[in-house]
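S.K.: Dumping the structure here so I can ask a few things about it.
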Amino acid sequence: MQRLAGGKLKLVQAALRLITQSRSLTSLGLRELAREAGLNPNTFYRHFRNLDEFGLQVLGYIAEDMKAGVRQLRQMADSSEQASHDTVTFVYHYFLANPAATTVAVRELHGPSPVLRRALEAQLDASAREMAEDILERGLVPGVDEVVVQEISNMTIRYILFRAMDYIEKPEQRERIQVETERFINRQFRGALIEELDSGQILALKQAPAAD
């Protein structure tokens, strides 16, 4: 997590408390934000030049909080299936425990501020790069080209975010959403592995007896 202190930390935490299903980060007023943080409204401009800069700080605070836990899990995994299961479980539980943070990420990806949209895209890209690096370093999908691992990592990060609000808002579907997400990831990597085989190897796989 980014190390924030004093007024900055109070303002960021106040913003996350004020975010609701009907409100976005860019809809918050400075006076409302300062009041929630227990600060004088003028304090905001001692820490941030404008709302966009403040939004960048909020997004960074969220990203660092989640990425550290996810990366530790992937680096402990012994297989791509374990990595996908542990990662999906951790991220969805994070979403559930931090619905305001999730709402910010989902909303601002398509929100009115081009600065925040670009920043969030950059954070998603960074998360995908880290995911690909961990997978390659651990040798979890041997034989799959580095570029393909990066492509699948990009799709995975965005797919998880796409399902985030459903996971939070539809408790009766959470188990199914988690299973579907893991299946999506595993199918991508299995498909990539098959693409690396020549026609003879594929034929041999088709003719091989099924495992007991």
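S.K.: Let me confirm something: among A83, A122, which residue is in contact with a helix residue (DSSP H, G or I) (Cβ under 9 Å, 6 or more places away or on another chain), assigned to a helix (DSSP H, G or I) and either surrounded by fewer than 19 Cβ atoms within 10 Å (Cβ to Cβ) or of a type in the set (G, A, S) (or both)?
M.R.: A83
S.K.: A follow-up question, please. (1) in a helix (DSSP H, G or I); (2) over 29 Å from G55 (Cα atoms); (3) modelled with pLDDT under 90: which one isn't true of L197, the others all being true?
M.R.: (1) is the only condition that L197 fails.
S.K.: If you scan the stretch 108-133, which residues turn out to be acidic (D, E) and either free of Cβ contacts under 8 Å to residues at least 40 places away in the same chain or under 14 Å from N154 (Cβ atoms) (or both)?
M.R.: Within the stretch 108-133, E121, D125, E130, E133 qualify.
S.K.: Exactly one of (1) at pLDDT below 90; (2) closer than 17 Å to R190 by Cβ is unmet by Y94. Its number?
M.R.: Answer for Y94: the failing condition is (2).
S.K.: Regarding the stretch 27-37, can at least one residue be identified that is of a type in the set (S, T, N, Q) and outside any helix (DSSP H, G or I)?
M.R.: The answer is no; no qualifying residue exists.
So that you can scan it fast, the table gives a plain yes or no per residue for (1) in contact (Cβ under 8 Å) with a residue 24 or more places away in the chain; (2) out of contact with any His (no Cβ under 9 Å at 6 or more places or on another chain); (3) within 18 Å of T89 (Cβ to Cβ):
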position: L140; (1), (2), (3): yes, yes, yes
position: G143; (1), (2), (3): yes, yes, no
position: E151; (1), (2), (3): no, yes, no
position: T156; (1), (2), (3): yes, yes, yes
position: P171; (1), (2), (3): no, yes, yes
position: R183; (1), (2), (3): no, yes, yes
position: F189; (1), (2), (3): yes, yes, yes
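S.K.: Considering only residues of the stretch 163-173 that are part of a helix (DSSP H, G or I) and more than 17 Å from the chain's Cα centre (by Cα), which is farthest from R107 (Cα to Cα)?
M.R.: This residue is E172.
S.K.: A follow-up question, please. Considering only residues that are more than 28 Å from S24 (Cα to Cα) and surrounded by 19 or more Cβ atoms within 10 Å (Cβ to Cβ), which ones fall in the stretch 149-188?
M.R.: Within the stretch 149-188, V149, I152, I185, Q188 qualify.
The values are calculated or read from the model by the stated rules, or taken from the named source; none is laboratory data. For clarity, every value in this text was computed on a predicted model and none was experimentally measured. Cβ sites come from the backbone with ideal geometry, for glycine too, and all protein chains shown count toward neighbours.
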